[in-house]
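The values are calculated or read from the model by the stated rules, or taken from the named source; none is laboratory data. Note that the structure is a prediction, hence the values are computed from the model and not measured. No Cβ is skipped: glycine too gets one built from the backbone with ideal geometry, and neighbour counts run over all protein chains shown.
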Amino acid sequence: MPVGYRCCVSCRRTAHRSQFWRIVRNNGDRIVTLDYGMGRSAYLCPTEACLRLAQKKKRLERSLRTSVDPAIYDQLFQRLESPLI
Ligand SMILES: [Zn+2]
């Protein structure tokens, strides 16, 4: 994969990481955050289909090897409704 390219955890599409939401399990406290953070990361297309699939199949949990707070999914669903946030 070219430098800076990542793979969506739901549909396995590859694209530059700027095209994806980044979900991070931070080193140390293992808190899961969006966009920023240092640690293990998962990438997801900013689409309802990929978000729903990730939630249903627990793709983020599997990729990050931790539980993901429902609030994280809520925030992402909100982003679908207001993409500028
Ligand atoms: Zn995807």
task: Return a yes/no flag: does region 67-76 have any residue that is away from the ligand (no atom under 12 Å from the Cβ), surrounded by fewer than 16 Cβ atoms within 10 Å (Cβ to Cβ) and of a type in the set (F, W, Y).
output: no
field: Output for region 51-65, where each listed residue is within 16 Å of the ligand (Cβ to nearest atom), more than 15 Å from C7 (Cα to Cα) and surrounded by fewer than 16 Cβ atoms within 10 Å (Cβ to Cβ)
entry: R52, K56, K57, K58
message: Please go through region 35-50 and give me each residue that is within 9 Å of the ligand (Cβ to nearest atom) and buried (at least 18 other Cβ atoms within 10 Å of the Cβ), ordered by number.
response: Y43, L44, C45, C50
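If a residue has to be at pLDDT 95 or above and farther than 17 Å from R13 by Cα to count, how many in region 36-54 make the cut? If you could, list the steps in order and put the result at the bottom.
In the first step, residues of region 36-54 are kept if they are at pLDDT 95 or above; the result is 37-54.
Restricting the remaining residues to those that are farther than 17 Å from R13 by Cα gives 37-40.
Total meeting the criteria: 4.
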Every residue from region 21-34 that is of a type in the set (A, V, I, L, M, F, W, C) and either farther than 17 Å from Q55 by Cβ or buried (at least 16 other Cβ atoms within 10 Å of the Cβ) (or both): W21, I23, V24, I31, V32
task: Could you tell me whether region 9-20 includes any residue that is within 13 Å of the ligand (Cβ to nearest atom), surrounded by fewer than 16 Cβ atoms within 10 Å (Cβ to Cβ) and hydroxyl-bearing (S, T, Y)?
output: yes
